[in-house]
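Working notes for the structure below.
Derivation of every value follows stated rules applied to the coordinates shown; laboratory data play no part. The shown structure was predicted, so the numbers you read here are calculated from the model rather than taken from an experiment. For neighbour counting, all protein chains shown are included, and Cβ atoms are generated from backbone atoms with ideal geometry for every residue, glycine included.
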Amino acid sequence: MKEANETNKVVSLSQRQESAERVGDLLGAVRTIAGRRLQLLLGNMFEHVDDALFDLAEKAENNAAQMHYFDGMREVRKRRPMVERSFLAQVSRELTSITTRPAPAPSTSPSLAPVELSLVAENELEESLAITSMTAKNESRLARDLFAVNQRLSVICGGIKIEDGTNPVAPAALAQAFRQAMRELAAEMRVKLIIYKLFDRYVLSALEELYQEINTELVRAGVLPQLRHEVLRGDGPAATAAPAAARGVAPGTDGASDTEAELASELLHTVRALFSARRAQAAGGVAAVGGIGAGARGASLAIPTANELLGALSVLQSQLAAGPMPTAQSVDPAVVGREVVQLKEQLLGQIGALRGERPGQVAAIDEDTIDLVGMLFEFILADNTLPAEMQVLLARLQIPYLKAAILDRKLFAHRHHPARRLLDGLAELAKGWSEESDRDHRVHDKIKSIVERLLHDFDDDMGLFERLGDELQAFQDQSRKRAELAEQRVAESARGREKLELARRRAAREILDRIGGQTLPPLIHGVLARAWANHLVLTILRQGDDSPAFADALRFVNEFIASARPVHTTDDRRALLRMLPGIERALRRGLANVAFQESDIERLLGQLHAYYRQQLGEMTPESTAEDVALPIPDSIQPILDADTAEPEPTEDQPTAVALDNGELIEVEQLKPGTWLEFCPTGDAVTRAKLSWISPMSGRYLFVNRRGLKVGDYAPQELAAALAAGSARILPSEPLFDRAMGAIVDRLSQAAAAGTDDLA
């Protein structure tokens, strides 16, 4: 027996030794694969850093910002080897020690656990948000392959549970390792944030092949060869995302891999991380389990279910729908703003009325949804892109949109969600609204009808948003076609006026250049400055300034001026006599071209005959016919004066404002379709869309929503109006995108200040 026991011990030790060697071999294989793949990915990323920073330096708003990017380029080139070594060494160490690390403490939010969200320094907060965003996005996207890697690592590590937060090659661990390696880099945070973006794009976004190679190697070694690549479903919000994650698709993107979907998902992950950080701050750095008013108050009551929330919201919605439709004149927007903020308390009160006792809290995900929708509508009420009348009207949609967000969590993650597109469409239509441009109330009544139908009809049918969106799109298409016809007429009219103006200026310059410093007799000067100038203008408009007809008309100007020279010699006399028949023929044709009456032409020619007879010595000056005032409709003299005189400033064009290149550049970057708000007198506000930029004069033509002209500005005039504040550019980004950006900024500032003023 004793010998048998000894033998068993030897066998057992031998088996353990073999097992340890096998674990070491398998981890070594994983470490080799990870090191090789990550080195290639990281090297590829750094190859793009130089180009990215150089492009940003070229587009920098000032010299100081440009120098920051150039300094960052130099620092990256110098410290790149240290960053790469530090990153790869840390990943290798983590893989080596994976079997000896203590189990992580339980966390209510595993994907956010590695990120330090309770920071006070603004730069560190920005860095944390970048890490959080890229981690959450890629964990969701890579869920299928990452799940298989986690399960196989758990097996070879002797049953130690490996999860996304503890896997050394998971996005969270790699992002943290890269963050640690970036300590080697003494660069500004703006430069580091660009590098983090590139790390996301070129390293984390390319991890599929790494995971697939690890899984292939471990399957070849016999580790869970029959494992089905599925994400375990569980209770709570995470279970909702499980089917999408199992397909390797970010929740809410419906498989779309376009950049817009990724950005929207990334932004939502950032918002959720900030909400989580806010709850942690409110609980003194410990993640709050509950939601609103978590603590002793109401802690014993059950947290309201989604159905309870929806029921309470339906009651509040019916009360709101039964009330009168407010207007900006009848309701103070500040009062509406307070109602938006107070909806959370009203909701808890209504749940209490339905239950018989008021709960003190809701689930964290529901609290985030309530707060997010509330902030969205606070933004709408503060957004001066919308007229006040429209702010009050759209604010009534808060309850329907909160119901929609609870019913479908994808509303904020999916940029093409029907509810989101509907609100963006309403805001875009409302942006150009004014009482003056909507005298028939078509736009106001359409927006009002959609708001009322959502208030009265929306219960749980999400298809209503799509149907109303299609209806709104049809209305906008019809309005756009009608406006485009009016815009086209306005643009054609402006184009015609500009062609005429340019032709007049061209004719004036040609005549002025040929006269030079000569003093012409009043009769000769009058013919050139009036009748012949009009003939030149019409020739340019009808045949072009490169036509033979225009060249002939200019030759006449030269001969007509030459005919006014004094006659002193016989040769002078012969030269003048040779010119006169051609001058008479050209004048007859030219004057007929500008619709002179035959009698007026004969009178003018009679004057010229008398003048030339005097030139030839056949008449005395006393017998010269008096100048005849011919009924020529247009004069070139005002155009000649405009060429040399300074333009007079007008009341609504503050040209006296000092401009810099930045303001002119801002104007030059405007595109047709951009909306501006003009307030030239300080009280009368006009909203107008840039319809057309003249390729000839560079003037900017603005129209209202109906396509009717509102005004036109030279680039300098428009830049002056923007600088003086009598004009401002309205944002072109969709309302939802701008709101989400503002919400992130607001939450970030609160987190950086260590306050919880948003609770």
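About the centre of its Cα atoms, the stretch 564-612 shows a dipole size close to 180 debye [charges on the beta carbon of Lys, Arg (+1) and Asp, Glu (-1) only; nearest 20 debye].
Residue 97 to residue 36: FRET efficiency via 1/(1 + (r/R0)^6), r the Cβ-Cβ distance, R0 22 Å, to the nearest 0.05?
Details: r = 20 Å, r/R0 = 0.91.
Efficiency, rounded to the nearest 0.05: 0.65.
Our estimate of slack between residue 585 and residue 22, defined as 0.36 nm per intervening residue step minus the Cα-Cα distance, is 191.7 nm.
Net charge in the neighbourhood of residue 696 (other residues with Cβ under 12 Å of its Cβ; Lys, Arg +1, Asp, Glu -1) is +4. Between residue 302 and residue 574, the simple spin-label model (points 7 angstrom out along Cα→Cβ) gives 12.3 nm. In this structure, residue 543 and residue 500 have a Cβ-Cβ separation that, at R0 = 22 Å, corresponds to a calculated FRET efficiency of about 0.90.
Quick check on the stretch 661-730: take the gyration tensor over C-alpha atoms, sort the square-rooted eigenvalues as a ≥ b ≥ c, and tell me if it's rounded (a/c under 1.5), prolate or oblate. Taking the square roots of the gyration eigenvalues as a ≥ b ≥ c, the stretch 661-730 is oblate. Give me the number: length gained by fully extending residue 212 to residue 605, i.e. 0.36 nm times residue separation minus the C-alpha to C-alpha distance, one decimal in nm. Stretched fully, the residue 212-residue 605 segment lengthens by 131.9 nm. Potential lengthening of the chain between residue 85 and residue 197 amounts to 38.3 nm, from the contour at 0.36 nm per residue minus the alpha-carbon distance.
How charged is the neighbourhood of residue 439? Take every other residue with its Cβ under 13 Å from the Cβ of residue 439, and add Lys/Arg as +1 and Asp/Glu as -1. Local charge sum for residue 439: -2.
Under 20 Å from a point 7 Å along the Cα-to-Cβ line of residue 476: which residues of the stretch 396-411 have their amide N that close? Counting backbone N atoms under 20 Å from the label point, the list is 396-398, 401, 411. Suppose R0 equals 56 Å; then what is the FRET efficiency for residue 160 and residue 188 from their Cβ-Cβ distance, rounded to the nearest 0.05? Step by step, r from the Cβ atoms, then E = 0.85.
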